[in-house]
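Presented below is the structure to which this report refers.
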Amino acid sequence: MKSHPTTQTMKPATAAKKLGVYLEATPAEFQEGVVSRSELNALQADPPEWLQELRHNGPHPRPVVAAKLGVSIAGLARGGVTEPLTTEQIDALKQDLPEWLRKERATQAEVRKEAVRIKEKKAEQGDRSS
């Protein structure tokens, strides 16, 4: 008995997350359907106009906003940013550099530094036990 391979599909929210776009800003047909793995690969390989526009101008989902600002998602929330932002809004924040953003960037830099220190310490301990 031969089994036919089933097409792997995902919800639009999952596909939007993988594409790095804000679901509510995508076209209705994208939001209402299901996306197959091959469709997702095609969107990534050759993004249509709407996807290019969203990636360039937004609105961007929180993980993208946080990355563009150099802060954590929690840092965005602490700064009062709970809605998706456009590229223009992100650029304005970078230009104005409010106190919360300066503070969160400093916090993020400390977190990265600590992560590197821990990684180096673990590597050093691993070398000793060899």
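Just so you know, all these numbers are worked out from the coordinates, no wet-lab data involved. Predicted, not measured: the structure shown is a model, and the values here were computed from it. Cβ placement follows ideal geometry from the backbone for every residue including glycine, while neighbour counts extend to all protein chains displayed.
Where nothing but the Cβ of Lys and Arg (+1) and of Asp and Glu (-1) is charged, how large is the charge dipole of segment 41-118 around its Cα centre, in debye to the nearest 20?
On the way: 11 positive and 11 negative charges, 105 e Å.
Value, rounded to 20: 500 debye.
Can you tell me the convex hull volume per residue for segment 34-85, based on C-alpha atoms, in Å³ to the nearest whole number? Walk me through the numbers before you get to the answer.
Working: hull volume 5.4 nm³, N = 52.
That works out to 103 Å³ per residue.
How long are the semi-axes of the equivalent ellipsoid of segment 48-130, taking √(5λ) for every eigenvalue λ of the Cα gyration tensor, in whole Å from largest down?
Working: eigenvalues 218, 61, 17 Å².
Ellipsoid half-lengths, sorted descending, are 33, 17, 9 Å.
What residue among 97, 59, 109 has its Cα farthest toward the positive end of the dipole of the chain, where the charges are +1 on Lys, Arg and -1 on Asp, Glu, each on the Cβ?
Of the options given, the answer is 109.
What is the sum of charges around residue 79, taking Lys and Arg as +1, Asp and Glu as -1, for the other residues whose C-beta is under 14 Å from the C-beta of residue 79? List each step's numbers first, then the result.
Numbers: positive: 62, 68, 78, 94, 102, 103, 105; negative: 83, 96, 99, 104.
With Lys, Arg at +1 and Asp, Glu at -1, the net is +3.
Give me Rg/Rg_expected for segment 79-124, where Rg uses Cα atoms only and Rg_expected = 2.2 N^0.38 Å with N residues.
Numbers: Rg = 15.0 Å, N = 46, 2.2 N^0.38 = 9.4 Å.
Expressed relative to 2.2 N^0.38 Å, the Cα Rg reads 1.59.
With Kirkwood's inverse mean 1/r over C-alpha pairs for Rh, give me the Rg to Rh ratio of segment 1-100, two decimals please.
Numbers: Rg = 16.6 Å, Rh = 15.0 Å.
Taking Rg over the Kirkwood Rh, I get 1.10.
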